[in-house]
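Novice: So that we are looking at the same thing, I have put the structure below in structure tokens.
Computed from the coordinates by the stated procedures, all read-outs in this text should not be read as laboratory data. Bear in mind the structure is a predicted one, so any value in this text is a computation, not a measurement. Cβ: placed from backbone, ideal geometry, glycine included. Neighbour counts: every protein chain shown.
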Protein chains: 2
Amino acid sequence: MSKGDEKGMEIRIEEGNLRGFCENILVKVGLSREDAFIVSDSLLFSNLRGIDSHGVVRFPYYVRRLKEGGTKVNPRIQKIREKGASVLLDGDNGMGQVIGMYATRLAMEKAEETGVCLAGVKGSSHYGVASYYTVKMAEADMIGLSMTNGPPVMAAWGGAEAVICNNPLSIAAPYQAGRPIVLDIAMSRVAGGKVRLAAKNKQKIPVGWIIDRHGRDTEDPNDLPDGGALLPFGEHKGYGLTVMLEILAGVLTGAGMLGQVPMWLKEIRTPLNVGHCFIAINIESFMDLEGFKKRLDWVIQEIKSCPPAEGSTGVFFPGEVELQVEEERRKRGIPLSEAVLEDLKGMSETYEEPLET
Amino acid sequence: MSKGDEKGMEIRIEEGNLRGFCENILVKVGLSREDAFIVSDSLLFSNLRGIDSHGVVRFPYYVRRLKEGGTKVNPRIQKIREKGASVLLDGDNGMGQVIGMYATRLAMEKAEETGVCLAGVKGSSHYGVASYYTVKMAEADMIGLSMTNGPPVMAAWGGAEAVICNNPLSIAAPYQAGRPIVLDIAMSRVAGGKVRLAAKNKQKIPVGWIIDRHGRDTEDPNDLPDGGALLPFGEHKGYGLTVMLEILAGVLTGAGMLGQVPMWLKEIRTPLNVGHCFIAINIESFMDLEGFKKRLDWVIQEIKSCPPAEGSTGVFFPGEVELQVEEERRKRGIPLSEAVLEDLKGMSETYEEPLET
């Protein structure tokens, strides 16, 4: 679900409170304090930036999977292959965020020496928001790429059934002003959460968002859970991109591919064997860092100095809106829908962990 | 211009004849036989695969630039930086295809040792079709990525003016059946050539392809050369992607950026300082090659076995249609429009190089 999709976002909780709440419960179900920090940090990163689809709304599912054994509490992450600037990891089906950050740090460490590093991962789980890892790389003054595969929820272009994931891609880079420029996009026209929200609100959706179980255009959001499928963004282009991301994150890593990846929200006892691909690029192997940042700053200023088109609210660089939301939410807290708040209150009781609102 | 855009494609020339014609003229204007081969090979690669926008239609412009000095006949390609799996080249403003293949070969050579290699390039020119390089990498059993920047022809999302190039991205990988799967997309909704063709044919174009000089939606294709701009595909997603490609191919390499890159068809005496980025991934650093190809073959079969959606002609993998066109054109020759044929005949006279039709 993208920003603004939650209905009735009026209850706000201070970021630190939510963070501590998640972290403590994760420790209670068995994660190390360090791993619990990473998972909570990824969730709050999403909520702070307005990407609420990947924020605490997912937290109950993560905990349920840990309790039911679909995700391992203490995975043994192993290097399977390592050669020069490439490394392949088996995450032992632990938390995707923990495995993802392990791979990201390794990629950065190696890129320090080799200029660039590709870290492939298999045996992982849902890794949260793709830009969590790229922003970490950009904050360490590298260019970062992050991609993952997932269960089949999207149709191929021209196809009548869900066959591939709307795989996300994130790329981030540091610039002069000190905050990263960051792209984070899924390969579907809209997120599944947006369709589910329309169904909840009894609203029609525009043609082009999904197809129904017969592969036909539809304006009824209820057709998605009833055997329908998301449609790729940009027609054949978004479809082609998701296939290539499946190759990099899934085929190359030895992970599950397409329908081999279980629906993680439903099959909570099944290890997922999701695959990721991280690329870290050490800018200083190409030019001096300050020079790079000045150049990127110039690009951003050039783009932003464009007059807005008719009806447009302005020109933004990738990730700029998220930065604005972050600033606001750091001050005013994270807005939560009643449904999400209820879920969290339930967990508060179950795990005897107070949630300060 | 994409496939099928040329009007009246009825005259066909055998591929080998066109190839020899281009190669000989390039040698006559001063290129080495080897460099002339690469440029001609890239042009014919495009025409064979139906990507006529990047085929021999561009040949007269390339030759004119070589004659006028905007592109150097015998550039001195130099390594500026080299560290582990990263290398940065200065192409000395020679032919983009020659510099691009130099970088591609170097990337593959290094990836043989380091598992992955990123070759950045500055001081280059228009490098033809992006997939020429990735298919070469896939044919050598690697996964290849290729991207370039270029002159500003596209608006930022929400902007009223052309400020950035519709930068292309290609990714290719080898699979069991022996021919590569290959994505090759530009970041605009449609190619500029498609708009120019509509103007020539006095046809309207759909809203969403371009904006006019005031940043307004328009159905008049003549608004594009009159200060208009192409629009990104997939709205903010295609826009965001093109910015990140500009960073990888332009900012990181020290090349010209955005409006610093001259319009190559117009400013034929000006060196372009275009930037490229190539990434070669050595599959065997991650898993055994045959295993990879079998896995990718399975993915392709799974996707292709999807029933087609209503009104669709079927499900194709990225690059499949191009393979079909290639097979047909190898047999039946390359179809050329009268306008292109006239241009080539003019060159035939000027350079006293026979063109067998």
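Novice: Just how large is the dipole of chain A about the Cα centre, in debye to the nearest 20, putting +1 at every Lys and Arg Cβ and -1 at every Asp and Glu Cβ? Write down the numbers at each step before the final one.
Specialist: Numbers: 41 positive and 48 negative charges, 112 e Å.
Around 540 debye, computed over chain A.
Novice: Among A:P174, A:P206, A:P262, which one shows the highest mean-square fluctuation when chain A is modelled as a Gaussian network with alpha-carbon springs under 10 Å?
Specialist: A:P206
Novice: Here is a further query. Averaged over its residues, how many other protein chain Cβ atoms are within 10 Å of peptide A:72-85's Cβ atoms? Numbers along the way, then the final one.
Specialist: Details: counts 0, 0, 0, 0, 0, 0, 0, 0, 2, 5, 2, 8, 12, 14.
Per residue, the number of nearby Cβ atoms from other chains is 3 on average.
Novice: Sticking with this one: Per residue of B:245-252, what is the mean number of Cβ atoms on other protein chains within 10 angstrom of that residue's Cβ?
Specialist: 6
Novice: Once both labels are modelled 7 Å past Cα along the beta-carbon direction, what's the B:E349-A:E320 spacing in nm?
Specialist: 5.2 nm
Novice: Putting +1 on Lys and Arg Cβ atoms and -1 on Asp and Glu Cβ atoms, find which of A:I281, A:V315, A:V299 reaches farthest to the positive end of the dipole of the stretch A:271-326.
Specialist: Highest projection toward the positive end goes to A:I281.
Novice: If you place +1 on the Cβ of every Lys and Arg, -1 on the Cβ of every Asp and Glu, and leave all else neutral, what size is the dipole of the stretch B:159-204 about its Cα centre, to the nearest 20 Debye? The partial results should precede the final answer.
Specialist: Values: 7 positive and 2 negative charges, 79 e Å.
Dipole magnitude for the stretch B:159-204 comes out near 380 debye.
Novice: Averaged over all directions, how much area does the convex hull of the C-alpha atoms of chain B cover when projected, in nm²? Working shown, then result.
Specialist: Numbers: hull surface 71.6 nm².
Projected over every direction and averaged, the Cα hull of chain B covers 17.9 nm².
Novice: Report for the protein assembly as shown the percent antiparallel among DSSP-assigned beta bridges with both residues inside it, nearest 5. Write down the numbers at each step before the final one.
Specialist: Values: 78 of 92 bridges.
Around 85 percent antiparallel, to the nearest 5.
Novice: Taking the Cα of B:D288, stepping 7 Å toward and past its beta carbon, and measuring to each backbone N in the stretch A:107-144: which are under 12 Å?
Specialist: Of the residues in the stretch A:107-144, none has backbone N under 12 Å from the label point off B:D288.
Novice: Under the definition of Cα pairs under 8 Å and six or more residues apart, what whole-number percent is the relative contact order of the stretch A:189-231?
Specialist: On the way: 71 pairs, mean separation 17.4, N = 43.
Worked out over the stretch A:189-231, it gives 40 percent.
Novice: Follow-up question, since we're still on this one. Cα gyration tensor of the stretch A:274-354, axes a ≥ b ≥ c as square roots of the eigenvalues: rounded (a/c below 1.5), prolate (a/b > b/c) or oblate?
Specialist: Oblate.
Novice: Next question. Quick one: of the DSSP bridges fully inside the stretch B:85-175, what percent are antiparallel, nearest 5? Kindly include the intermediate steps, with their values, before the conclusion.
Specialist: Values: 6 of 11 bridges.
Of those bridges, close to 55 percent are antiparallel.
Novice: Please report, largest first and rounded to whole Å, the three semi-axes of the ellipsoid equivalent to the stretch A:189-231, where each semi-axis is the square root of five times an eigenvalue of the C-alpha gyration tensor.
Specialist: Working: eigenvalues 39, 20, 17 Å².
The answer is 14, 10, 9 Å, longest axis first.
Novice: Can you give the FRET efficiency to the nearest 0.05 for A:K331 and A:V73, using r as the Cβ-Cβ distance and R₀ = 25 Å?
Specialist: Working: r = 35 Å, r/R0 = 1.40.
With a Förster radius of 25 Å, E is 0.10.
Novice: Nm distances between the label at B:A177 and the same-position labels in the remaining copies, 7 Å along Cα→Cβ, shortest first?
Specialist: 4.7
Novice: Which of the peptides A:136-148, B:124-136, A:332-344 is most tightly packed, and how do the rest follow, going by the mean number of other Cβ atoms within 10 Å of each residue? Walk me through the intermediate numbers first.
Specialist: Working: A:136-148: 24.4, B:124-136: 27.3, A:332-344: 17.9.
Averaged packing, sorted descending, gives the order B:124-136, A:136-148, A:332-344.
Novice: If you project the alpha carbons of the protein assembly as shown onto the principal axes, what extent comes out on each, in Å, largest first?
Specialist: Cα extents, longest axis first: 88, 51, 48 Å.
Novice: Once you charge only the Cβ atoms, +1 for Lys and Arg and -1 for Asp and Glu, what is the size of the charge dipole of the protein assembly as shown about its Cα centre, to the nearest 20 debye? Kindly include the intermediate steps, with their values, before the conclusion.
Specialist: On the way: 82 positive and 96 negative charges, 42 e Å.
Taking the Cα centre of the protein assembly as shown as origin, the dipole is about 200 debye.
Novice: If packing is taken as the mean number of other Cβ atoms within 10 Å per residue, what is the order of A:311-321, B:85-95, highest first? Let's see the in-between values first.
Specialist: Details: A:311-321: 17.8, B:85-95: 24.7.
Sorting A:311-321, B:85-95 by mean packing, highest first, produces B:85-95, A:311-321.
Novice: What is the pair-distance distribution P(r) of the stretch B:1-126, computed from all Cα-Cα distances in 10 Å bins starting at 0, with each bin given as a whole percent?
Specialist: 13, 38, 31, 16, 3, 0
Novice: Hey, another quick one. Specify which residue in the list B:P174, A:L44, A:V340 is farthest towards the positive end of the charge dipole of the protein assembly as shown, using unit charges on the beta carbon of Lys, Arg (+1) and Asp, Glu (-1), about the Cα centre.
Specialist: The residue sitting most towards the positive pole is B:P174.
Novice: Right, here's the next one. Can you tally the net charge around B:D90? Count Lys and Arg as +1, Asp and Glu as -1, for every other residue whose Cβ sits under 15 Å from the Cβ of B:D90. Kindly include the intermediate steps, with their values, before the conclusion.
Specialist: Values: positive: B:K72, B:R76, B:K79, B:R81, B:K122; negative: B:E82, B:D92.
Value of the local net charge: +3.
Novice: P(r) tail for the stretch A:46-98, what percent of Cα pairs lie past 18 Å?
Specialist: On the way: 682 of 1378 pairs.
Result: 49 percent of Cα pairs exceed 18 Å.
Novice: Can I get the semi-axes of the stretch B:212-322's equivalent ellipsoid? Compute them from the C-alpha gyration tensor as square roots of 5 times the eigenvalues, in angstrom, largest first. Write out the running numbers ahead of the final one.
Specialist: Details: eigenvalues 264, 133, 31 Å².
Semi-axis lengths for the stretch B:212-322 are 36, 26, 12 Å.
Novice: Among B:V87, B:V153, B:G120, whose Cα projects farthest towards the positive end of the dipole of the stretch B:59-200, with charges put on the beta-carbon of Lys, Arg (+1) and Asp, Glu (-1)?
Specialist: B:V153
Novice: If you don't mind, another one. Give me the net charge of A:T134's neighbourhood, meaning all other residues with Cβ under 14 Å from the Cβ of A:T134; Lys, Arg count +1, Asp, Glu -1.
Specialist: Result for the local shell: 0.
Novice: In addition: List the lysines whose Cα lies under 28 Å from the Cα of B:K200, skipping any in the same chain that are fewer than 8 positions away.
Specialist: Candidates past the 8-residue exclusion: A:K237, B:K3, B:K7, B:K266, B:K345.
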